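Below is one structure, written out as structure tokens; the observations come after it.
The values are calculated or read from the model by the stated rules, or taken from the named source; none is laboratory data. For clarity, every value in this text was computed on a predicted model and none was experimentally measured. Backbone-built Cβ (ideal geometry, glycine too); neighbour counts: all protein chains shown.
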Amino acid sequence: MFSYSPKTTIDELVQDSMFGLIKAKTGIMKPVHMRYLEYLVTFRKEHGRIKISSILIKRKIFPCFERICEKEISFSGASKEEFLDFLRTKGAKQIERRESVLEYI
């Protein structure tokens, strides 16, 4: 008789799902390659409150951004804050010079 005992936690599954989304958007192959990514957070105003609408992400050497929308983040099982924390802890850099980003978008 086959018995299945999961050895992974929910947190590990969510992290795998977040990495899978980032991998699909950027083409990186390993989590260690996340340190070669740059991202920019975009916002929108909804009912008088400012909320995260999407994350623009790219490899440092490529000029084009890929959009990760709010629904894709929620489908990964993570909140927007957890997703941003995952990017930071894995080494992705948030773009500080926003004025130069408009050249690429």
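Counting only strands (runs of 3 or more DSSP E) wholly contained in the range 17-105, the ones carrying 2 or more residues that are aromatic (Phe, Trp, Tyr) occupy 37-46.
If you take the residues of the range 75-100 that are touching a Lys or Arg at 6+ places or on another chain (Cβ under 8 Å) and of a type in the set (Gly, Ala, Ser), which of them is surrounded by the most Cβ atoms within 10 Å (Cβ to Cβ)? Checked the range 75-100; the qualifying residue surrounded by the most Cβ atoms within 10 Å (Cβ to Cβ) is 92. In the condition set (1) modelled with pLDDT under 95; (2) aliphatic (A, V, I, L, M); (3) in contact with an Asp or Glu (Cβ under 8 Å, 6 or more places away or on another chain), residue 92 is compliant with all but (1).
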